Amino acid sequence: MPIAELQVYSVEEADVTGGVCIVRVIGGIARAGQVYVAGGLRLGLTRIEMWGRPAEFVDPPHAARAHLTGPMVALLSRGQVLTAVPPAGHALEDLEAWLATDPPLLEGAAAAGPNCPRLCIFY
């Protein structure tokens, strides 16, 4: 399952608590509740709207209004890519460093077991 990535098209509104952006999904599937990183800071995706209605998810190459939490929203710019990360887990840099070691990736929840590496990929 690819990691969800959103590309910012515009910031419609923003304050110190978060804001609303028009985004295009360029990888994976974006879902409300996911956490994204931008500039080393985390942003929470709280709500997705498509065609003026709430949506459970959005996938490539579709665009949507993304309601995000975090003060970093005001600093986002057109073309910037937000990458999904585990909400309470590893930072993006940790994941990239781990993946650079070319670890054996397990597919599916059935593959996880007592010998599961520090980070498992679940579908």
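The values are calculated or read from the model by the stated rules, or taken from the named source; none is laboratory data. Small disclaimer: the values here were computed from a predicted structure and weren't measured. Because the Cβ atoms are built from the backbone with ideal geometry, glycine has one as well, and the counts that use them run over all protein chains shown.
A quick yes/no check of all residues on (1) at pLDDT 95 or above; (2) in a loop (DSSP other than H, G, I, E, B):
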site	(1), (2)
A74	no, no
L82	yes, no
L95	no, no
D102	no, yes
Find all pairs meeting these conditions: Cβ atoms under 8 angstrom apart; at least six residues apart or on different chains; first residue within region 83-102 and more than 19 Å from L6 (Cβ to Cβ); second residue part of a loop (DSSP other than H, G, I, E, B) and at pLDDT 75 or above.
none
Scanning region 48-68 residue by residue, those more than 19 Å from P2 (Cα to Cα) and surrounded by fewer than 16 Cβ atoms within 10 Å (Cβ to Cβ) turn out to be E49, M50, W51, G52, R53, P54
Please go through region 22-36 and give me each residue that is under 11 Å from T69 (Cα atoms) and in a strand (DSSP E or B), ordered by number.
V35, Y36
